[in-house]
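First comes the structure, then the notes that go with it.
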Amino acid sequence: GAGVSQSPSNKVTEKGKDVELRCDPISGHTALYWYRQSLGQGLEFLIYFQGNSAPDKSGLPSDRFSAERTGGSVSTLTIQRTQQEDSAVYLCASSLGTGKTEAFFGQGTRLTVV
Amino acid sequence: AQKITQTQPGMFVQEKEAVTLDCTYDTSDPSYGLFWYKQPSSGEMIFLIYQGSYDQQNATEGRYSLNFQKARKSANLVISASQLGDSAMYFCAMREDSWGKLQFGAGTQVVVTP
């Protein structure tokens, strides 16, 4: 596709269930980022991939959160045993990497834990 | 430690006036890029402008210009001739080339009034 694609766009889940959020970056983009944004707040960094490896996963809030990237392309963010405080918009972005290359964002996944 | 600081949580500006959004950053990496993004109420992240650490001239893109003061580690965004459609949250971001991680400030909410 032409842009960064995230699915699902909306997800409502029960507390304690596991969820998987998917990000399809722009083809050829080596860098991929996950952020979390609560209502009216800034972007909280979660994890950054360069290719399939994650040089920085310091933003993952707890061991319930994990992410992987395969084939240097699609990434999945998994949240286990969801809690109500996990409710937020999860944004994915991709870029060519360093230099004068901006990151392009997907539309986000709005996660609601009830 | 906070790498990107945006000290103005919110600003009001009149239509047709110019507005300056402050951004300071912290890095010891000699090579880095600075970005500004706009997030309207629809939630999409829109790239506005980029400034590289080695760029001699301040970046400009239409009504957007970046006042880059390297010694002060400052990268303020200037929006000239504000329009009602400029009402949005504005985020400053930095990517250190040695690391690749894209980090965001807390954002500034701009409201343009008629």
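The values are calculated or read from the model by the stated rules, or taken from the named source; none is laboratory data. Note that the coordinates shown come from a computational prediction; the quantities given were computed from them, not determined experimentally. As a convention, Cβ positions derive from the backbone with ideal geometry for all residues, glycine included, and neighbour counts pool all protein chains shown. Note: areas computed on protein heavy atoms with side chains; ligands, DNA, RNA excluded. Shrake-Rupley method; radii C 1.70, N 1.55, O 1.52, S 1.80 Å.
Miscellaneous remarks
- Label point 7 Å beyond Cα of B:Gln2 along Cβ direction - residues of the range B:98-114 with amide nitrogen under 13 Å: B:104-108
- Accessible area that becomes buried as A packs against B, both chains, 1.4 Å probe, Å², nearest 100: 1700
- For the range A:26-53, residues shielded by at least 40 square angstrom of accessible area compared with the chain on its own, probe 1.4 Å: A:Tyr33, A:Tyr35, A:Leu43, A:Tyr48
- For the protein assembly as shown: accessible area per residue (Å², 1.4 Å): 47
- Sulfur and carbon atoms: percent of accessible area, chain A [1.4 Å]: 45
- In the range B:1-81, the chymotrypsin sites (Phe, Trp or Tyr not before Pro) that fall in loop regions by DSSP, at most 14 other Cβ within 10 Å: B:Tyr54
- Solvent-accessible surface of protein heavy atoms, probed at 1.4 angstrom with all chains present, puts B:Met45, B:Met11, B:Met94 in the order B:Met11, B:Met45, B:Met94, largest first.
- Once both labels are positioned 7 Å from their Cα atoms along Cα-to-Cβ, the gap between B:Ala71 and A:Ser62 label points is 4.9 nm.
- For the range A:61-95 and the range B:64-92, distance of Cα centres in Å: 31
- Accessible surface of chain B [probe 1.4 Å, protein heavy atoms]: carbon and sulfur percent: 49
- Proximal charge balance of A:Ser5 [Cβ under 10 Å; K/R count +1, D/E count -1]: 0
- Other residues lying with their Cβ under 15 Å from the Cβ of A:Gly51 contribute a combined charge of +1, Lys and Arg counting +1, Asp and Glu -1.
- Loop-resident trypsin sites (Lys or Arg not before Pro) (DSSP state other than H, G, I, E or B) in the range B:32-82 with no more than 14 further Cβ atoms inside 10 Å of their Cβ: B:Arg63, B:Lys70, B:Arg72.
- Label zone (B:Lys16, point 7 Å along Cα-to-C-beta; backbone nitrogen cut-off 20 Å) within the range B:75-90: B:79-87.
- Under the shape rule built on the C-alpha gyration tensor, where the axes satisfy a ≥ b ≥ c, the range A:1-105 is prolate, since a/c reaches at least 1.5 and a/b is greater than b/c.
- 13 Å beta-carbon shell around A:Tyr90, net charge (K/R +1, D/E -1): +1
- Within the straight-line cut-off of under 17 Å between alpha carbons, the lysines reachable from B:Lys3 are A:Lys57, B:Lys70, B:Lys73, B:Lys101, sequence neighbours fewer than 8 places apart in one chain being disregarded.
- For the range A:1-100, applying the loop criterion from DSSP together with a ceiling of 13 other beta carbons within 10 Å to the GluC sites (Glu not before Pro) yields A:Glu14.
- Each residue was assigned an accessible area with a 1.4 Å probe, and for A:Asp18 the value is about 90 Å².
- Contour minus Cα-Cα distance for A:Ser53 and A:Glu20 (0.36 nm per residue): 10.0 nm
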